[in-house]
Number of protein chains: 2
Amino acid sequence: MTVLDQMKAAVGPKGWTEDSAVIAPHLVEWRGLYKGQTPLMLSPATTDEVSAILRLASESGTRIAVQGGNTGLTCAGVPDQDGQEVLLSLGRMNRIRSVDARDFTLTAEAGVAVATLHQAAAELDRMFPLSLASEGSCMLGGVISTNAGGVNVLRYGSMRELVLGLEVVLPTGEIWNGLRALRKDNTGYDLKQYFIGAEGTLGVVTAAVVKLFPPLRTKCTGFVALPSAEAAIELFGRARDLTGDRLTAFELVPRFALEFVLKHIPTTRDPLTAPAPWYVLMEAAEPLEPLIAAALEDGHATDAVIAQSGEQATALWRLRESISEAQKLEGGSIKHDVSVPVSEMAAFIARASAAVLAVYPDARPVPFGHVGDGNVHFNIQSAAGADKPAFEAHWAAMNRLVHDIVVDMGGSISAEHGIGRLKSVELAHYRPALDLQLMRRIKAAFDPANILNRGRIFESNS
Amino acid sequence: MTVLDQMKAAVGPKGWTEDSAVIAPHLVEWRGLYKGQTPLMLSPATTDEVSAILRLASESGTRIAVQGGNTGLTCAGVPDQDGQEVLLSLGRMNRIRSVDARDFTLTAEAGVAVATLHQAAAELDRMFPLSLASEGSCMLGGVISTNAGGVNVLRYGSMRELVLGLEVVLPTGEIWNGLRALRKDNTGYDLKQYFIGAEGTLGVVTAAVVKLFPPLRTKCTGFVALPSAEAAIELFGRARDLTGDRLTAFELVPRFALEFVLKHIPTTRDPLTAPAPWYVLMEAAEPLEPLIAAALEDGHATDAVIAQSGEQATALWRLRESISEAQKLEGGSIKHDVSVPVSEMAAFIARASAAVLAVYPDARPVPFGHVGDGNVHFNIQSAAGADKPAFEAHWAAMNRLVHDIVVDMGGSISAEHGIGRLKSVELAHYRPALDLQLMRRIKAAFDPANILNRGRIFESNS
């Protein structure tokens, strides 16, 4: 019996397919940037089945690609182009094991969609705060393995802050049981931290205990016009203070981005009468009126509107959330998901924009993002009407230009999306040799046969 | 030149001493549970000096004991009894490198006392939230290496949640520079997580960037009498909700503990008129009146007082903070720093108390602690007037009795104090073989010569 046959036997007839039509959507990264091949897709239904698969893989040296909702942005979730990786999909491990309102915890398997977690928590009058564009499709195991962020990081943290316990199958097939619902535990190394954000290279997360919160009973949403990006940084510090640190979102939007949205997204409208160079969309579990009145008074803000209803708040959020879509409709766009210290945000935007324009005078920087996290989606739009493929041919060169500045300012070249295959060369370029060495030692300690998600994070020739 | 001479040369004349009178206080764990010996105490002033020491140590196989403020509770900070460990004190690395109000960050060296961090933040109208009894003496490097908790964990998290960046000297002498002030960074493995809570076994933390917060502008402190420990759990869930998750403390106090305090600590007085079996001291950045009124109404609480001034709040806190001192004055006490899921807290207290009383009918359980963290200081007081050494001779046996119940209920045998030397045997007993194996692999990956804080976390014969 071949190894693949043994794997099929381990998961039973419902747990595998070789049907290329069924497999096809699992082979393509959702933006079409990468397409892989696989001889076999496995869909185990239990942790023991995952264990059996990985044990066989380690013993035989068979490489495994791990996939959740396949919504990642770094080409990490699809199998390799050489067709040697067996695809391990977590989609059938989709049980919510328990929700405990008194503990403010939820225990679920890796294949549960984030939106399903939202619903399960809401049914017990609790809230799971992770919120991101792909929440209908992305799965718990994936958001843990990529340490996902999203729009609520400011108040609730990234996934790392939301995980209390993990169950992980190691590349060797051993099951590590760290599925505990403890708020405090200092018994040696905190092993669960190793797997969070490790992009499936150290083990397959099969289940997790996550934190829940009381739902926010009040919410205030404001859209504020600013004279400069610098003013947003000032306003942010003041907002943290005046709201008693109850800000839940603080999103920077440049005029350019708003214009793209108004142009391309139906039924959107400018909520303010006159254009301003910058905007902030902010939300707090506290009235924003005192803050905004003070900012208007002293000139840090030039105009503002506060949502008077849920519909108005949704309309304001739609402006922010439609930026990526509007950019796509506007034409070519080269993306950077970077972070710098919050205080350097305006300086970074100015410096990086100038550097880009010096080389590409027709390009249009559209820097937007999560001010409170220092996270800028520093996207560069092509000139109006420019050829998209021709513009996007500059992707790697422009990345290098922008990332040089990010690193010089103490920033990160991947704030929330991770490395995957897409940025492994950039990682090797920017991270000091010692960092890479430590990471490789850790990888070897967990995956001695180097079978799990090879070529993600680390360059593929290794 | 001997290795010790080379180490002396590396730190210069101010950086070392062999004077036994100077060294003496650094050799004794502060409760007197462990006394070590050393041929040499090194007090480097810079990261490069730490690097030189560790390089020499790794090359020569010289063991190193790392010490901060020497306030730890697990005998980890003092050198070994065999006198072979060189003592590395971080006390001279005591510079605050920067405080950035706009970033809400502070960068400081390992030897800065936590109280000094509080002051530095306050000068810029910011707040560093870590608060624990030893804050006047304990140092930044130590609270990071032990992932310290304290009374503000409920709102602000343990040290792990408060660290943004680290500078670490590896056992090999290599300097790992992760001193970044980023809120989001997903560029490969998050290496700083490995050093937080690793008790100095993987590297010497020499500096860190920590998060600051806006100061709390309003604070409400209440002391509430409860019919049962179970009622505290109910009240906690309701309190999180009704305060908009703005609880900053929620501390359980049994009547026994209050009586010890009233008996032994001068000028304390019972804030309520009639005794009750349990109390909660709670604090929030939100008025507590509506919550407490509702609890009194439906019987979850039987009496309550809300502090009407800062002095009254201080007096209430003094009742809680004097428990350990009062226990000491009352006689022998065997301690457990454990955690269970929040919802299991009352059940754990009942079960563990019954188990202890079955074996030691005269013992007096005094379980108190941080309800919101599921963290019980499950202390057992000897019978009134009992011989202290005779009672404390039961320490290990009683620990085992209590820890068996903790582990059976999915809890942790060291919620916030860590393992050190004190609990390494317990760790080896309770953690699954796979966990210990993974930890040893990590230790070997970072400290191949096994020279750094050997015998902490892992049993000393290895």
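Structure summary
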read-out	value
Hits in region A:183-207 - residues which are more than 7 Å from every other protein chain (Cβ to nearest Cβ) and charged (D, E, K, R)	A:192, A:199
Failed criterion for residue A:166 (all others in (1) out of contact with any Asp or Glu (no Cβ under 7 Å at 6 or more places or on another chain); (2) more than 24 Å from residue B:196 (Cβ to Cβ) hold)	(2)
Every residue from region B:240-249 that is touching a residue at least 40 places away in the same chain (Cβ under 8 Å) and either open to solvent by less than 10 Å² (accessible area, probe 1.4 Å) or in a loop (DSSP other than H, G, I, E, B) (or both)	B:243, B:244, B:246, B:247, B:248, B:249
Test for residue A:234: is it acidic (Asp, Glu), within 14 Å of chain B (Cβ to nearest Cβ), open to solvent by 20 Å² or more (accessible area, probe 1.4 Å) and under 25 Å from residue B:124 (Cβ atoms)	yes
Candidates B:143, B:153, B:163, filtered to the one that is within 14 Å of chain A (Cβ to nearest Cβ), closer than 22 Å to residue B:375 by Cβ and modelled with pLDDT under 95	B:153
Lone unmet requirement of (1) under 21 Å from residue B:103 (Cα atoms); (2) open to solvent by 10 Å² or more (accessible area, probe 1.4 Å); (3) touching a Gly at 6+ places or on another chain (Cβ under 7 Å) for residue A:304	(1)
Residue within region A:338-360 that is within 14 Å of another protein chain (Cβ to nearest Cβ), over 26 Å from residue A:159 (Cβ atoms) and open to solvent by 10 Å² or more (accessible area, probe 1.4 Å) present	yes
Residue in region B:172-182 that is within 10 Å of chain A (Cβ to nearest Cβ), of a type in the set (Lys, Arg), open to solvent by 10 Å² or more (accessible area, probe 1.4 Å) and more than 17 Å from the chain's Cα centre (by Cα) present	yes
Region A:52-72: number of residues that are buried (at least 22 other Cβ atoms within 10 Å of the Cβ) and either touching a Lys or Arg at 6+ places or on another chain (Cβ under 6 Å) or part of a helix (DSSP H, G or I) (or both)	3
Subset tally (residues that are modelled with pLDDT of 95 or more, surrounded by 17 or more Cβ atoms within 10 Å (Cβ to Cβ) and not in a strand (DSSP E or B)) for region B:18-46	9
Matching entry among B:267, B:248, B:218 (being of a type in the set (Val, Ile, Thr), more than 24 Å from the chain's Cα centre (by Cα) and within 14 Å of chain A (Cβ to nearest Cβ))	B:218
Only listed residue being closer than 16 Å to residue B:171 by Cα and open to solvent by 30 Å² or more (accessible area, probe 1.4 Å), chosen from B:49, B:85	B:49
From the options A:256, A:213, residue that is at negative phi, open to solvent by 10 Å² or more (accessible area, probe 1.4 Å), among the aromatic types (Phe, Trp, Tyr) and at pLDDT below 95	A:256
Qualifying positions in region A:137-176 - more than 23 Å from residue A:246 (Cβ to Cβ) and of a type in the set (Ser, Thr, Tyr)	A:137, A:145, A:146, A:172
Residue list for region A:129-140, filter: within 14 Å of chain B (Cβ to nearest Cβ) and open to solvent by less than 10 Å² (accessible area, probe 1.4 Å)	A:129, A:130
Residues that are within 9 Å of chain A (Cβ to nearest Cβ) and touching a Pro at 6+ places or on another chain (Cβ under 9 Å), drawn from region B:422-462	B:446
Matching residues in region B:100-127 - criterion: being more than 19 Å from residue B:182 (Cβ to Cβ) and open to solvent by 50 Å² or more (accessible area, probe 1.4 Å)	B:116, B:119, B:122, B:123, B:124, B:125
Which numbered condition residue B:321 misses (of (1) more than 22 Å from the chain's Cα centre (by Cα); (2) open to solvent by 10 Å² or more (accessible area, probe 1.4 Å); (3) closer than 23 Å to residue A:184 by Cβ)	(1)
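The values are calculated or read from the model by the stated rules, or taken from the named source; none is laboratory data. From a predicted model like this one, the values you see are computed outputs, not experimental measurements. Ideal geometry is used to build each Cβ from the backbone, glycine not excepted, and the neighbour counts take in all protein chains shown. When the accessible area is computed, the model is the full protein with side chains, heavy atoms only, and any ligands, DNA or RNA have been set aside. Shrake-Rupley method; radii C 1.70, N 1.55, O 1.52, S 1.80 Å.
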